[in-house]
1. Given the residues 6, 29, 42, which is the only one that is farther than 25 Å from residue 288 by Cβ and crowded, with 20+ Cβ neighbours inside 10 Å?
2. Taking residue 269 as the residue in question, decide whether it is assigned to a helix (DSSP H, G or I), among the basic types (Lys, Arg), in contact with a helix residue (DSSP H, G or I) (Cβ under 6 Å, 6 or more places away or on another chain) and more than 15 Å from ligand 2 (Cβ to nearest atom).
3. Being within 16 Å of ligand 2 (Cβ to nearest atom), among the β-branched types (Val, Ile, Thr) and under 19 Å from the mean Cα position of the chain (by Cα) is the requirement here; does residue 71 meet it?
4. Return yes when residue 358 is modelled with pLDDT of 95 or more, surrounded by fewer than 14 Cβ atoms within 10 Å (Cβ to Cβ) and part of a helix (DSSP H, G or I) and no when it is not.
5. Taking residue 197, is it more than 16 Å from ligand 1 (Cβ to nearest atom) and buried (at least 21 other Cβ atoms within 10 Å of the Cβ)?
6. Under 9 Å between Cβ atoms, at least 6 apart or on separate chains: pull out the pairs that start in the stretch 120-148 with a residue that is without any contact (Cβ under 8 Å) to a residue 40 or more places away in the chain and end on any residue that is surrounded by fewer than 18 Cβ atoms within 10 Å (Cβ to Cβ) and outside any helix (DSSP H, G or I).
7. Tally up the residues in the stretch 207-241 that are charged (D, E, K, R) and within 16 Å of ligand 2 (Cβ to nearest atom), please.
8. Taking the options 172, 185, 204, 151, name whichever one is among the hydroxyl-bearing types (Ser, Thr, Tyr), closer than 22 Å to residue 34 by Cα and away from ligand 2 (no atom under 16 Å from the Cβ).
Amino acid sequence: MTVPTGPELDAVRRRLLEQRIETPSWAYGNSGTRFKVFAQEGVPRNPYEKIDDAATVHRFTGVAPSVALHIPWDQVDDYDKLSKHAADQGVALGTINANVFQDDDYKLGSVTNPDPAVRRKAIDHLLACVDIMDVTGSRDLKLWFADGTNYPGQDNIRARQDRLAAALREAYDRLTGDQRLLLEYKLFEPAFYTTDVPDWGTSYAHCLELGERAMVCIDTGHHAPGTNIEFIVAFLLRAGKLGAFDFNSRFYADDDLMVGAADPFQVFRIMNELVDADATGPSKGIAYMLDQCHNIEAKIPAIIRSVMNVQEATAKALLVDRTALQRAQQSGDVLTANAVLMDAFNTDVRPLLADLRADQGLDPDPIAAYHRSGYFERIRAERVGGEQAGWGA
Ligand code: RM4
Ligand code: MN
């Protein structure tokens, strides 16, 4: 298959130009596994420096104009000042991620904890996150709960769902304007026996109960092996409940590797559903975010690579000949239908994306341009002393 020309190509380019990918503040900090966190040179020491790195990713890719914050990792005294700093660097503050998984109090859960005082503390944190959104202008509050149990009998599963529903209701009712609540799910970890929001169905059911501004967030690393994620995407799109993605790759569990590194075909299949529903641009309100940790690789180029991987999958999905696909589907021509998809997936879209960047005044090769820019040499020299941002920081 060759890349189309003329008006067809223009349409593909228009879609690619309107795509937005949000990068996560925590991906710029140090991370690791439970065995070791490896420090890197030039790592940000505070949210301001994380934003500088996010702005650098945007400068070279042109499609990453916002950065997600994680509270309290990115806690500052003055969020207005942080917003202005972001704007000065050419980016905006995006989704606010609540963190109710790192206090000793949360050993038996946060919003589902059997102790009402702990639940109150967790809910208050969620409400405080909405206060921050009011200042930063962020649209989305993203909730991921580490809540669950490790042993059969440890707690009442139904009672925990009731506590969860009550907490979500309080947070949801605190939203104003176009603010939204995104509920993420994850199969297991840190809880090993039951998890209170283990899957998209649980998240979907709670979001339905809450109301139209509650939407599901799909973290691509949070499923059992072999799960058909594009089916979940299609289902939620149809239900109008797909709010966001946390993109990353997994080989085994929640590996948080660069999106598209493990299975670029899966990212293509996901993007194919989104293109088919005309949902890759901002109009459908789906937040395309990365949620990654770069434990052993250089962080900024890894994030640039991830952004490019999402763009490549999107470009390929945009190349699918939808007329031919529909014709084949309707006539029951299984092999042709499959071939139409594979033709698009097997097309090299890198020249198309390079041209698009050049037309925007960007370097066609963002990673090479980043390496040439001297940015890393500068942060390595400047960011000496102080405490590097990392897990828990
Ligand atoms: C969780 C989940 C959340 C992320 C944290 C750091 O597994 O993916 O989205 O904020 O990790
Ligand atoms: Mn996530």
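The values are calculated or read from the model by the stated rules, or taken from the named source; none is laboratory data. Just so it is clear, the structure is predicted and the values come from calculations on it, not from any experiment. Neighbour counts are summed over all protein chains in view; Cβ atoms, including those assigned to glycine, are modelled from backbone coordinates with ideal geometry.
1. Values: 6 fails: crowded, with 20+ Cβ neighbours inside 10 Å; 29 fails: farther than 25 Å from residue 288 by Cβ.
After ruling out the rest, the residue left standing is 42.
2. Working: assigned to a helix (DSSP H, G or I): yes; among the basic types (Lys, Arg): yes; in contact with a helix residue (DSSP H, G or I) (Cβ under 6 Å, 6 or more places away or on another chain): yes; more than 15 Å from ligand 2 (Cβ to nearest atom): yes.
Yes.
3. Working: within 16 Å of ligand 2 (Cβ to nearest atom): yes; among the β-branched types (Val, Ile, Thr): yes; under 19 Å from the mean Cα position of the chain (by Cα): yes.
Answer is yes for this residue.
4. Numbers: modelled with pLDDT of 95 or more: yes; surrounded by fewer than 14 Cβ atoms within 10 Å (Cβ to Cβ): yes; part of a helix (DSSP H, G or I): yes.
Yes, satisfied.
5. Working: more than 16 Å from ligand 1 (Cβ to nearest atom): no; buried (at least 21 other Cβ atoms within 10 Å of the Cβ): yes.
Judged against the criteria, residue 197 is not a match.
6. 121/103
7. Start the filter on the stretch 207-241 by keeping residues that are charged (D, E, K, R), which leaves 209, 212-213, 219, 230, 238, 241.
Filter once more, keeping what is within 16 Å of ligand 2 (Cβ to nearest atom): 219.
Final tally of qualifying residues: 1.
8. Details: 172 fails: closer than 22 Å to residue 34 by Cα; 185 fails: away from ligand 2 (no atom under 16 Å from the Cβ); 204 fails: closer than 22 Å to residue 34 by Cα.
Only one candidate qualifies: 151.
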